[in-house]
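The values are calculated or read from the model by the stated rules, or taken from the named source; none is laboratory data. Keep in mind it's a predicted model, so treat the numbers as computed, not measured. Here the Cβ positions follow ideal geometry from the backbone for every residue, glycine too, while neighbour counts run over all protein chains shown. When the accessible area is computed, the model is the full protein with side chains, heavy atoms only, and any ligands, DNA or RNA have been set aside. Shrake-Rupley method; radii C 1.70, N 1.55, O 1.52, S 1.80 Å.
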Amino acid sequence: MELLRAVAELRRWSREARKGGNAVGLVPTMGALHAGHASLIRAAAACCGQVAVSIFVNPTQFSPNEDFARYPRTFEADCALAQAEGADAVFAPTVEELYPSGAATFVEVEALGNRLDGASRPGHFRGVATVVAKLLIAAEPDHAFFGQKDAAQVAVLRRMVADLHLPVEIVVCPIVREPDGLALSSRNLFLSAAERAQALVLSRSIRQVEQFAAAGERRSSALIATARKTFAAVPEVRIDYIAAVDWATLDPVEIAAPGTLFAVAAWVGQTRLIDNTILS
Ligand code: AMP
């Protein structure tokens, strides 16, 4: 597996990789890789002859008061996992490499970028869209792999790729969960044992909404009320948002339909966690 540090090296690697007729896959991550990331890398390796994993904790998607400095960094283990799951290259640039001194260009996805996590974390999706655009332009992948875990991010990136005419297919992979339901997240490392138990309320609320919807309830207000009731049983956890939205536009819907995104975000102690389901 190759370790690439410079944008020019990534571009060279990608152009070389496709010479044999290979499709190129890109899996963007912020490292601290877990089984959720592994599933993306496996999906990429199954679909593409050559796969690059990027590992970059992107400062522009964190607000000044957020956890950029203490975001977990486990580079050696990340490289081992990426290689074991079939990555051919890891791209791990410095901040100065991706944002050279004087960098002044950002990608803003209007409307969607200010919904859900974008509403709670102003500037977050501007940072995400900017770094993913840089990665897609440098790596020129045929397919780029993202987790449904960050469903609002997927909506923002699909919009960006369409608007900028980027020649890449976005592939969305299912949420990987712990056996007890907790969605895997690098931020789970921050949870104490007590918080880890409290955090289960997110996946529990999602499961209950899925069951309620499967039983025929279509009113978003009723689905949201059910989730709120579940959260009320764990008062230590503070709800950020509970929403039923159109997955493409992130506009709230009154009546849920197949494909509606039902998403929750909540604070467990100092850690903000998210979860969601696409209603069937
Ligand atoms: P991150 O390193 O948190 O930026 O995540 C990198 C990619 O992994 C994103 O596309 C995430 O949606 C995806 N991802 C994170 N957690 C999970 C999970 N539990 N299941 C599936 N994909 C995930």
Problem set entry | Residue that is nearest to the chain's Cα centre (by Cα), among those in the stretch 80-100 that are acidic (Asp, Glu) and surrounded by 19 or more Cβ atoms within 10 Å (Cβ to Cβ) | Glu85
Exercise. If the Cβ limit is 7 Å and pairs must be 6+ apart or interchain, which residue in the stretch 179-203 that is within 9 Å of the ligand (Cβ to nearest atom) pairs with which residue that is open to solvent by less than 50 Å² (accessible area, probe 1.4 Å) and basic (Lys, Arg)?
Worked result: Ala183/Lys149
For this session: Confirm whether Thr130 is β-branched (Val, Ile, Thr) and assigned to a loop (DSSP other than H, G, I, E, B).
Result: no
Exercise. What number of residues within the stretch 110-129 are within 22 Å of Tyr99 (Cβ to Cβ) and crowded, with 21+ Cβ neighbours inside 10 Å?
Worked result: 7
For this session: Would you mind telling me which numbered condition in (1) crowded, with 19+ Cβ neighbours inside 10 Å; (2) away from the ligand (no atom under 14 Å from the Cβ) Ala152 fails?
Result: (2)
Exercise. Could you say whether any residue in the stretch 164-173 is among the β-branched types (Val, Ile, Thr), in contact with a His (Cβ under 6 Å, 6 or more places away or on another chain) and within 11 Å of the ligand (Cβ to nearest atom)?
Worked result: yes
Exercise. If we scan the stretch 3-24, do we find a residue that is within 23 Å of Ser185 (Cα to Cα) and either away from the ligand (no atom under 16 Å from the Cβ) or touching a residue at least 40 places away in the same chain (Cβ under 8 Å) (or both)?
Worked result: no
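Residue-by-condition table, conditions (1) within 12 Å of the chain's Cα centre (by Cα); (2) over 20 Å from Leu4 (Cβ atoms):
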site: Arg115; (1), (2): no, yes
site: Pro122; (1), (2): no, yes
site: Glu140; (1), (2): no, no
site: His143; (1), (2): no, no
site: Asp150; (1), (2): yes, yes
site: Leu157; (1), (2): yes, yes
Seminar exercise, completed: Scanning the stretch 25-35 for residues that are more than 6 Å from the ligand (Cβ to nearest atom) and surrounded by fewer than 21 Cβ atoms within 10 Å (Cβ to Cβ) gives Ala32, His34, Ala35
Exercise. From Ala52, Ala46, Ala38, which residue is of a type in the set (A, V, I, L, M), within 14 Å of the ligand (Cβ to nearest atom), under 30 Å from Trp247 (Cβ atoms) and not in a strand (DSSP E or B)?
Worked result: Ala38
Exercise. Of the residues Gly86, Gly102, Gly118, which single one is away from the ligand (no atom under 12 Å from the Cβ), in a helix (DSSP H, G or I) and of a type outside the set (A, V, I, L, M, F, W, C)?
Worked result: Gly118
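Among Ala17, Ala38, Ala52, Ala45, which is the only one that is open to solvent by 20 Å² or more (accessible area, probe 1.4 Å) and over 13 Å from the mean Cα position of the chain (by Cα)?
Values: Ala17 fails: open to solvent by 20 Å² or more (accessible area, probe 1.4 Å); Ala38 fails: open to solvent by 20 Å² or more (accessible area, probe 1.4 Å); Ala52 fails: open to solvent by 20 Å² or more (accessible area, probe 1.4 Å).
Of Ala17, Ala38, Ala52, Ala45, the one residue that is open to solvent by 20 Å² or more (accessible area, probe 1.4 Å) and over 13 Å from the mean Cα position of the chain (by Cα) is Ala45.
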